[in-house]
Ligand code: FES
């Protein structure tokens, strides 16, 4: 390797876990950032070693990156356990890379700092600002309605992702990086810095310096991941109007740290904490605006009354100390609570005979008329079934119909981001832009609409969603958190007796392990054998 003993003697060995890959457009800048982290580690008297780990590229993985979150977590855990490392920098950003790195590092329990990839710069098309995902969905609906030609669509594709970095709406990547900062695992303010800013490179070097000290201090990741830290993460998620995906990931991350975090806790906090970030898909602006408006520290200072300020963070200070005095520079982007984008938090938890273990909805992203609604179900047994039939006018759907997708949960299909179910073309042409849609799938954090997601238990294990038939009436009342299938208990019992479980898909390999061990959405979709338990012995017991 060309190292001399003097290079590493009596120095903390710092692993830099890098999720760079040519397959991940969001992490294009990570080779440079790893060098900048190394610069900081050398400066502080540590010995840096860069270690590649599997990336999770949201745009390219099939069937969905969600299936591989736990595989990366397992890889990270064992990498940290089997090599002689004293501290670790976790480099991630694109959606599932964030929980995967943190879940693995939590189980291995070393001193750790998270380096957020940072959002990409704003998009632009014909003078209009474009946001990742959100505007793609919006203009795709226009294209389906016949209002946008192929040439314009091509221009739009060229204009929507113009730099390295993660999706710059308040999608899953932005949400997960922000909640990770709120957990105390990032340097203050780092999650808001755009990927290509020079400040981002300086932040990487600062992380390199700090991780060396953290290793000497012996502060491990689980020392920081307390119940208070998870409380702060949920408050942050709600104040941001964050991605619904954060719920599944935070529950899994808390499980690794031995902290109990339930769906009800999210709902309880969402009732108290207003959405004050005016960011797409719930609002108007993008992450670059958010950073210029003061970023996460300024937002947290605005909701400090809801936070547990004594929670410790990686820089050795408390969260309260880190956000003290952080100012807002644009009152439109980061609102005051009395001018909130929504008085209640971003994600509500629904329950009822259709979702005994819960379901989630992001009401700020839905048409208000659909938040209290009753309509006839149009049921599709799979996504292939939905694609084949949704545009058939013979189905006779109206704006009041309720589109239901079955078998898209963790076991059914790997819980992909299908939850923003397509609206029939003939209704789009008539100007319909939102309908009530139900599934056991997830939805991209950049998506919007009256989409009820994560219905648990899922239909593939016989959850009540599997029993819905076309024409059944479904009722939703978001204010009272009610989701109800208007079918008698006797009839549901009859249908349950006749229900046949779908065959499992995998006879070998990772898929077989996945099907055997995956938990349901309300439990975080972690593998049963990876959740918190007695300390795992060092590999040298073999
Ligand atoms: Fe990577 Fe959106 S595709 S963050």
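Does residue 388 satisfy the condition of being modelled with pLDDT of 95 or more, assigned to a loop (DSSP other than H, G, I, E, B) and more than 23 Å from residue 270 (Cα to Cα)? Can you show your working first?
On the way: modelled with pLDDT of 95 or more: yes; assigned to a loop (DSSP other than H, G, I, E, B): no; more than 23 Å from residue 270 (Cα to Cα): yes.
The answer is no for residue 388.
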**Fill in**
Restricting attention to the stretch 9-31, the residues that are surrounded by 14 or more Cβ atoms within 10 Å (Cβ to Cβ) and more than 16 Å from the ligand (Cβ to nearest atom) number exactly 7
**Message:** So residue 437 passes all but one of these: (1) part of a loop (DSSP other than H, G, I, E, B); (2) touching a strand residue (DSSP E or B) at 6+ places or on another chain (Cβ under 7 Å); (3) crowded, with 23+ Cβ neighbours inside 10 Å. Which condition number does it fail?
**Reply:** (1)
**Fill in**
Scanning the stretch 159-190 for residues that are in a loop (DSSP other than H, G, I, E, B), in contact with a helix residue (DSSP H, G or I) (Cβ under 9 Å, 6 or more places away or on another chain) and within 14 Å of the ligand (Cβ to nearest atom) gives 161, 164, 165, 167, 168, 169, 170, 171
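State whether the residues of the stretch 461-474 include one that is part of a strand (DSSP E or B) and either within 16 Å of the ligand (Cβ to nearest atom) or modelled with pLDDT of 95 or more (or both).
The first filter runs over the stretch 461-474 and keeps only residues part of a strand (DSSP E or B), leaving 473-474.
From what is left, the residues that are either within 16 Å of the ligand (Cβ to nearest atom) or modelled with pLDDT of 95 or more (or both) are 473-474.
The answer is yes; a qualifying residue exists.
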**Request:** Considering only the stretch 191-283, give the helices (runs of 4 or more DSSP H) lying wholly within it that have at least 2 residues that are closer than 30 Å to residue 364 by Cα and modelled with pLDDT of 95 or more.
**Result:** 227-240, 245-257, 263-272
**Prompt:** Considering 467, 513, which residue is crowded, with 19+ Cβ neighbours inside 10 Å, more than 29 Å from residue 141 (Cβ to Cβ) and without any contact (Cβ under 8 Å) to a residue 40 or more places away in the chain?
**Reply:** 467
**Hits in the stretch 59-85 - residues which are under 22 Å from residue 409 (Cβ atoms) and either at pLDDT 95 or above or crowded, with 24+ Cβ neighbours inside 10 Å (or both)** = 61, 64, 65, 66, 67, 68, 69, 70, 71, 72, 73, 74
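Mind listing whichever residues of the stretch 440-454 are modelled with pLDDT under 95 and touching a strand residue (DSSP E or B) at 6+ places or on another chain (Cβ under 8 Å)?
So in the stretch 440-454, the residues modelled with pLDDT under 95 come out as 443-449.
Scanning the stretch 440-454 gives 443, 449.
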**Request:** Name the residue, out of 429, 417, that is surrounded by fewer than 17 Cβ atoms within 10 Å (Cβ to Cβ) and more than 20 Å from residue 468 (Cβ to Cβ).
**Result:** 429
**Prompt:** Which residue pairs have Cβ atoms under 6 Å apart, sit 6 or more places apart or on different chains, and have a first residue in the stretch 154-169 that is within 10 Å of residue 124 (Cβ to Cβ) and a second that is part of a loop (DSSP other than H, G, I, E, B) and more than 11 Å from the ligand (Cβ to nearest atom)?
**Reply:** 162/121
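Please work out which residue is nearest to the chain's Cα centre (by Cα), limiting yourself to the stretch 396-414 and to residues that are in contact (Cβ under 8 Å) with a residue 24 or more places away in the chain and surrounded by fewer than 15 Cβ atoms within 10 Å (Cβ to Cβ).
Restricting attention to the stretch 396-414, the residues satisfying the condition of being in contact (Cβ under 8 Å) with a residue 24 or more places away in the chain are 397-414.
If we keep only those that are surrounded by fewer than 15 Cβ atoms within 10 Å (Cβ to Cβ) as well, we get 398, 400.
Values: 398: 32, 400: 30 Å.
Result: 400.
Among the residues of the stretch 37-56, is any modelled with pLDDT of 95 or more, within 22 Å of residue 510 (Cβ to Cβ), surrounded by fewer than 21 Cβ atoms within 10 Å (Cβ to Cβ) and out of contact with any helix residue (DSSP H, G or I) (no Cβ under 6 Å at 6 or more places or on another chain)? Steps first, answer last, please.
First pass over the stretch 37-56, keeping only residues modelled with pLDDT of 95 or more: 37-56.
Within this subset, residues satisfying the condition of being within 22 Å of residue 510 (Cβ to Cβ) are 51-56.
Still in the running and surrounded by fewer than 21 Cβ atoms within 10 Å (Cβ to Cβ): 51-52, 54.
Next cut, out of contact with any helix residue (DSSP H, G or I) (no Cβ under 6 Å at 6 or more places or on another chain) only: 51-52.
Within the stretch 37-56, one or more residues are modelled with pLDDT of 95 or more, within 22 Å of residue 510 (Cβ to Cβ), surrounded by fewer than 21 Cβ atoms within 10 Å (Cβ to Cβ) and out of contact with any helix residue (DSSP H, G or I) (no Cβ under 6 Å at 6 or more places or on another chain).
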**Request:** Could you give me the residue pairs with C-beta distances under 6 Å whose first residue belongs to the stretch 44-64 and is in contact (Cβ under 8 Å) with a residue 60 or more places away in the chain and more than 13 Å from residue 91 (Cβ to Cβ), whose second residue is in a strand (DSSP E or B) and more than 10 Å from the ligand (Cβ to nearest atom) wherever it lies, and which are 6+ apart or on separate chains?
**Result:** 46/14
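Inside the stretch 119-129, can you point out the residues that are within 14 Å of the ligand (Cβ to nearest atom) and touching a strand residue (DSSP E or B) at 6+ places or on another chain (Cβ under 7 Å)?
Filtering the stretch 119-129 for residues within 14 Å of the ligand (Cβ to nearest atom) gives 119-121, 123.
Once the filter is applied, which keeps residues that are within 14 Å of the ligand (Cβ to nearest atom) and touching a strand residue (DSSP E or B) at 6+ places or on another chain (Cβ under 7 Å), the stretch 119-129 yields 119, 120, 123.
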**Prompt:** For the stretch 490-498, does any single residue satisfy the condition of being in contact with a strand residue (DSSP E or B) (Cβ under 8 Å, 6 or more places away or on another chain) and at pLDDT 95 or above?
**Reply:** yes
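Being away from the ligand (no atom under 16 Å from the Cβ), outside any strand (DSSP E or B) and surrounded by 23 or more Cβ atoms within 10 Å (Cβ to Cβ) narrows it down to one of 132, 107, so name that one. Steps first, please.
Details: 132 fails: away from the ligand (no atom under 16 Å from the Cβ).
107 is the lone residue from the list that is away from the ligand (no atom under 16 Å from the Cβ), outside any strand (DSSP E or B) and surrounded by 23 or more Cβ atoms within 10 Å (Cβ to Cβ).
The values are calculated or read from the model by the stated rules, or taken from the named source; none is laboratory data. It should be emphasised that the depicted structure is a prediction, and the values quoted were computed from it without experimental measurement. When we count neighbours, we look across all protein chains shown, and the Cβ atoms used for this are built from the backbone with ideal geometry, even at glycine.
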